[in-house]
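J.: Okay, here's the structure, questions in a sec.
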Amino acid sequence: MNYENIKAEEFKNMIEENPNMEILDVRTAGELAQGIILGASNIDIMDSKFADKISKLPKDKPYMVYCRSGARSAQACEIMSGKDFGKLYNLSGGISRWPYEAQR
């Protein structure tokens, strides 16, 4: 495993302490209506062009990745690590375990 699973509190702290941290939401467009973590970009892992889209992202930045439950974001982290992304963090339990306010 080339990424780290972290709980919501640590995920939030890392975002606050690292302003250049990239936050990546890999949920579907329909799920985004439930709210996103402030500052997150969205690339739907179910999109057939997901691998192409993430290949265009800078690989030298750390990425905080999340989905609804943590399973698809773990899969996204695996794909990203295979494309030479360095620091990857998966939100354990996904946004469903995010006790903080999400933007709508």
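J.: Can you give the local net charge around S92? Use residues other than it whose beta-carbon is closer than 11 angstrom to its beta-carbon, Lys and Arg +1, Asp and Glu -1.
T.: Overall, the nearby charge balance is -1.
J.: When the Karplus curve 6.51 cos²θ - 1.76 cosθ + 1.60 is applied with θ = phi - 60°, which whole-Hz ³J(HN,Hα) does each residue of segment 23-39 get, with x for Gly and Pro?
T.: 10, 10, 9, 9, 7, 6, 4, x, 6, 4, 4, 6, x, 10, 6, 3, x
J.: Moving to a separate point now. Would you list, by chain and number, the aspartates and glutamates whose Cα falls below 16 Å from the Cα of K12, excluding same-chain residues fewer than 8 positions away?
T.: Of all the aspartates and glutamates, those that pass the test against K12 - Cα under 16 Å, at least 8 places apart if same chain - are E4, E22, D25, E101.
J.: Write down the radius of gyration of the chain and its Dmax, each obtained from C-alpha positions, in Å.
T.: 12.3, 34
J.: Subtracting the Cα-Cα distance from 0.36 nm times the residue separation, let me have the gained length for N20 to I6 in nm, one decimal.
T.: 3.2 nm
J.: Please list, or write none, the lysines whose alpha carbon is within less than 19 Å of the alpha carbon of K83, excluding same-chain residues fewer than 8 places away.
T.: K49, K53, K56, K59, K61
J.: Work out, step by step, the length gained on full extension between K49 and I79: first 0.36 nm times the residue separation, then minus their alpha carbon distance; give nm to one decimal.
T.: So the chain would gain 9.6 nm between K49 and I79.
J.: Ranking request for peptides 62-71, 29-38, 77-86: highest mean number of other beta-carbon atoms within 10 Å first, then the rest in descending order.
T.: Sorting 62-71, 29-38, 77-86 by mean packing, highest first, produces 62-71, 77-86, 29-38.
J.: Indicate, rounded to the nearest 5 percent, the antiparallel portion of the DSSP beta bridges found entirely in the chain.
T.: 10
Each value in this text was obtained by applying a stated rule to the coordinates, not by laboratory testing. The structure displayed is predicted, hence computed values, not measured ones. So basically every Cβ, Gly included, is an ideal-geometry build from the backbone, and we count neighbours across all protein chains shown.
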